[in-house]
Amino acid sequence: MSTTQRTALRPHRARLGAVASAAAVVLLAGCAAPLPTPEPDESPATPPPVLDEGQEAEVLAAVGAALEEAGAANDPALLEDRLTGPALAIRTSQLQVAKTRGDAELVTELPTEVQQVVIPTTQTWPRTSYAVSVQPESLQSPRLTVYEQAGPREQYELWGWVRLFPSTTLPSFAAPTLGSEAVAPDDDSLLVTPADALAQYADVLNVGASSSFAGSFPDDPFRTLLAERAKLWNDALAPAAGTYSLTFTPNPDEPVRAVRTADGGALVVGAMTSAETMSAEEGAVVPPSTETEKALFGSTQATNVLKVGYVDVVAMYVPPAGSEEQVRVLGTEHIATSIATS
């Protein structure tokens, strides 16, 4: 081959080499393994409980210490870091009564030793937990207490309590290690929504058998107690042409608290206020009738009108939708916190 021919072939070989190199790059690129796509962690089907039993015990102990300290000093200001809602209103009034009377006999016992806790799985705030106490030393019925954390940087505070009715059977709940779902006030998976359950019970308390909801609630000890008191006052006021009334109103500033039970129903705890009025003809005198009322009344001059204001808490079991059971009231607290003559 001549020198001219060899020279003529060189560019061709160079082109072939370039094509081969490019093909190799293409082949290498085509054979490269694709980068793995990161997969998100699987979320559990049910959120975990937000407290363990040890943390719940710490909450109970801290609230108990605040109650004890405030009770020893008869100082409601010592309650403000650990009590809120109806619990704070009731305990404040009870300490004022204790200070006036010089003893704490009328202050509700709230044991911090418990036999059951219900821990929430709520991942947002507020978060609400529940506890059932052991029987108090006075041998009264156990207390159902409600604790709430308003925000992520807030402490759990005692929001309310009820005295469970004697022989009350509580519904079953998920184990504390699993946690229980919070139920919204307007949840419609129940026989009646939690908010409606409270409103309907208030109507039954107000008008009794005349209420269109009377058939939804079996008789309970609270209604019996109120009926007995109404009869006593009506009998006492009759000779003076007097009248008696007691009206319950769900507290609009305190939405009901509710938690899912094991059967799909809910434990519902709600706050109410109630106003009791006793009036007689001009010239008659209507004095306070209970030791709490007398302490709140103080040196006020009695007239022919007596008005007593109460803070109320009620707990009830609401069955799941489709159930043939009735809504069942489990316990109440009904504490006089104010008194007036007009």
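The values are calculated or read from the model by the stated rules, or taken from the named source; none is laboratory data. This is a predicted model, so every value here is computed, not measured. Here Cβ is always computed from backbone atoms with ideal geometry, including for glycine, and neighbour counts include all displayed protein chains. Protein only, heavy atoms only, side chains kept; ligands, DNA and RNA dropped before computing areas. Shrake-Rupley method; radii C 1.70, N 1.55, O 1.52, S 1.80 Å.
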- request: Give me the pairs, please: first residue somewhere in segment 160-174 and more than 14 Å from V118 (Cα to Cα) and free of Cβ contacts under 8 Å to residues at least 12 places away in the same chain, second residue anywhere and of a type outside the set (A, V, I, L, M, F, W, C) and outside any strand (DSSP E or B), beta-carbon distance under 9 Å, and either six or more positions apart or on two chains.
  value: S167/S141
query: Of the residues that sit in segment 271-306 and are buried (at least 16 other Cβ atoms within 10 Å of the Cβ) and among the charged types (D, E, K, R), which one is farthest from the chain's Cα centre (by Cα)?
result: E293
task: Answer with yes or no whether L88 is open to solvent by 30 Å² or more (accessible area, probe 1.4 Å), hydrophobic (A, V, I, L, M, F, W, C) and over 21 Å from A57 (Cβ atoms).
output: yes
task: Exactly one condition in (1) open to solvent by 50 Å² or more (accessible area, probe 1.4 Å); (2) at pLDDT 95 or above is not met by S342; state its number.
output: (2)
query: With (1) open to solvent by 70 Å² or more (accessible area, probe 1.4 Å); (2) of a type outside the set (D, E); (3) over 22 Å from G160 (Cα atoms) as the list, and S216 as the residue in question, which single condition is left unmet?
result: (1)
- request: Spot the failing condition for P252; the list is (1) within 30 Å of P142 (Cα to Cα); (2) at pLDDT below 95, and only one is missed.
  value: (2)
- request: For segment 51-81, name all the residues that are under 22 Å from the mean Cα position of the chain (by Cα), surrounded by fewer than 18 Cβ atoms within 10 Å (Cβ to Cβ) and within 21 Å of D103 (Cα to Cα).
  value: G64, A65
field: Test: R260 is open to solvent by 20 Å² or more (accessible area, probe 1.4 Å) and within 29 Å of Y147 (Cα to Cα)
entry: yes
message: From the list P86, P76, exactly one residue is free of Cβ contacts under 8 Å to residues at least 60 places away in the same chain and of a type outside the set (S, T, N, Q). Which is it?
response: P76
Looking only at segment 205-225, and only at residues there that are in a loop (DSSP other than H, G, I, E, B) and touching a residue at least 24 places away in the same chain (Cβ under 8 Å), the one that is nearest to T168 (Cα to Cα): D220
statement: Restricting attention to segment 233-257, the residues that are open to solvent by 60 Å² or more (accessible area, probe 1.4 Å) and touching a residue at least 24 places away in the same chain (Cβ under 8 Å) number exactly 5
query: Among the residues of segment 123-144, is any within 29 Å of R223 (Cα to Cα), at pLDDT 95 or above and of a type in the set (D, E, K, R)?
result: yes
